[in-house]
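The values are calculated or read from the model by the stated rules, or taken from the named source; none is laboratory data. Everything numeric in this text was worked out from a predicted model, so none of it was measured. All Cβ positions, glycine included, derive from the backbone under ideal geometry; neighbour counts span all protein chains shown. The protein model used for the area step is the full one, side chains on, heavy atoms only, and it has no ligands, DNA or RNA in it. Shrake-Rupley method; radii C 1.70, N 1.55, O 1.52, S 1.80 Å.
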Amino acid sequence: MMNDKKILYSGMQATGNLTLGNYLGALKNWVSLNEEYECFWGVMDLHSLTVRQVPAEFRKRARNLLVLYIAAGLDPKKNCIYFQSHVSAHAELSWLLSCFTYMGELNRMTQFKDKAAKHADNINAGLFTYPVLMAADILLYQADYVPIGKDQKQHLEITRDIAERFNSIYGDVFKIPEPYFGKSGAKIMSLQDPSKKMSKSDENVNGSIYLMDDPDTIVRKCKRAVTDSDSEVRYSEDKPGVSNLLEIYSACTGKSIAESEKEFAGVGYGDFKMGVAEAVISVLKPLQDEYERLLKEKEYIDSLIKENDEKASYFANKTLRKVKKKLGLTEMPR
Ligand code: ATP
Ligand code: LTN
């Protein structure tokens, strides 16, 4: 069933509303990868439960994220797009791998420390073992490559350590995954504080452009973006706000930074910001239209979910059976 393409695995948590950063830095760049790789993209809904969710909203958000993957151009016939929680092998392997993961290793995870500080009232064990579930996600599919942002590098390293530890005891069970740094996607910074990345969990909604923002909101947020007291549209380390807007413009139009600078030479910040807003709208409007159209195609989406859940389960369970056998768990009589 599987061809000889290398396997690529990634996904996003169904937490918060996706930003332009998530799109330009990740989603947009995922679209063409299926030409070269066999791709699996999970909606990481089990990971989302490490912070409290309101059930009705969460259900909707998770489904909307899956629809958004498709609206962004991931072809669901060529990419396996599925919900993590629909493939029970993730939770099962996560338990098994947790018995091969040390407390000391998990204690070193910076994301745990950050999130524990942010959610001091709910430092649950799931937050602590988050990287083990992530290791299970990746290892179940024998992934060769994992496209991730810098913040997830430590989680991929622990995944490799767990896999190597397991393999050294039980033989070659898991493929050791590598991070995937393809054509590097743009790193988009907050419009309000260009020293911080644009992030869906940012409390200041003016810092982020959300994928579902309407044109007026996009114009307003761009106009309010922090720049500097100078008036020159130039890419430079000492002009982080302007540089970020140029980065956004360049990623949305496909023009280089140099070309973009030239285009705005001698133009005031007001018109420059308007130009950036228009470029963002021209990218987001078609995405939003396609998303709205797909949301109405309930049966079509349901059938895709079913098909892709089955495909994901097939591959995941193949690995899980092997792991259980290696561990000496008894088999269910047929
Ligand atoms: P959170 O605020 O919940 O931590 P986030 O917005 O930082 O979320 P993630 O869920 O951590 O996003 O990341 C999803 C994907 O989007 C990752 O591949 C990550 O590298 C990418 N990404 C997130 N923010 C940006 C950004 N500002 N610029 C470029 N890529 C980004
Ligand atoms: N932790 C990742 C989301 C994630 C993931 C994965 C990414 C969960 N499981 C497996 C790649 C592979 C995040 O927060 N961006």
Filter region 188-200 for residues that are open to solvent by 70 Å² or more (accessible area, probe 1.4 Å) and either in contact with an Asp or Glu (Cβ under 7 Å, 6 or more places away or on another chain) or part of a loop (DSSP other than H, G, I, E, B) (or both) and give the result.
SER195, LYS196
Those residues of region 211-231 that are open to solvent by 90 Å² or more (accessible area, probe 1.4 Å) and either of a type in the set (Phe, Trp, Tyr) or not in a helix (DSSP H, G or I) (or both) come to a total of 1
Among the residues of region 127-153, count how many are touching a Ser or Thr at 6+ places or on another chain (Cβ under 9 Å) and surrounded by fewer than 16 Cβ atoms within 10 Å (Cβ to Cβ).
1
Single match in ASP121, ASP228, ASP172, ASP144 (criterion: more than 15 Å from ligand 1 (Cβ to nearest atom), touching a Lys or Arg at 6+ places or on another chain (Cβ under 6 Å) and more than 25 Å from LEU27 (Cβ to Cβ))
ASP228
Determine whether region 68-81 contains at least one residue that is in a helix (DSSP H, G or I), within 16 Å of ligand 2 (Cβ to nearest atom) and farther than 20 Å from ALA135 by Cβ.
yes
So the check is Cβ under 7 Å with 6+ separation or different chains; which pairs have a first residue in region 79-108 that's open to solvent by less than 10 Å² (accessible area, probe 1.4 Å) and more than 16 Å from ligand 1 (Cβ to nearest atom) and a second one that's of a type in the set (Lys, Arg) and not in a loop (DSSP other than H, G, I, E, B)?
CYS80/LYS311
Can you work out which of the residues in region 154-168 that are within 16 Å of ligand 1 (Cβ to nearest atom) and of a type in the set (S, T, N, Q) is most open to solvent (accessible area, probe 1.4 Å)?
GLN154
Out of (1) closer than 30 Å to LEU327 by Cβ; (2) away from ligand 1 (no atom under 15 Å from the Cβ); (3) in contact (Cβ under 8 Å) with a residue 60 or more places away in the chain, the odd one out for PRO215 is which?
(1)
For residues that are in a strand (DSSP E or B) and open to solvent by 10 Å² or more (accessible area, probe 1.4 Å), scanning just region 11-58, find the one that is nearest to LYS311 (Cα to Cα).
GLU38
Pull up region 1-10, narrow it to residues that are crowded, with 18+ Cβ neighbours inside 10 Å and of a type outside the set (Gly, Ala, Ser), then point me to the one that is farthest from ligand 1 (Cβ to nearest atom).
ILE7
Can you go through MET103, MET109, MET198 and tell me which one is aliphatic (A, V, I, L, M), at negative phi and in contact with a strand residue (DSSP E or B) (Cβ under 6 Å, 6 or more places away or on another chain)?
MET198
Among the residues in region 288-310, are any surrounded by fewer than 16 Cβ atoms within 10 Å (Cβ to Cβ) and within 25 Å of ALA135 (Cβ to Cβ)?
yes
Of the residues in region 201-210 that are of a type outside the set (A, V, I, L, M) and assigned to a helix (DSSP H, G or I), the one that is nearest to GLU261 (Cα to Cα) is GLY207
Per the filter on region 145-180, residues part of a helix (DSSP H, G or I), acidic (Asp, Glu) and either within 20 Å of CYS39 (Cβ to Cβ) or under 14 Å from the mean Cα position of the chain (by Cα) (or both) are ASP151
If you check every pair at least six apart or on different chains, which have Cβ atoms under 6 Å apart with a residue in region 284-302 that is free of Cβ contacts under 8 Å to residues at least 12 places away in the same chain and of a type in the set (D, E, K, R) first and a residue that is in a helix (DSSP H, G or I) and open to solvent by less than 60 Å² (accessible area, probe 1.4 Å) second?
none
Regarding ALA258, is this residue without any contact (Cβ under 8 Å) to a residue 40 or more places away in the chain and not in a helix (DSSP H, G or I)?
no
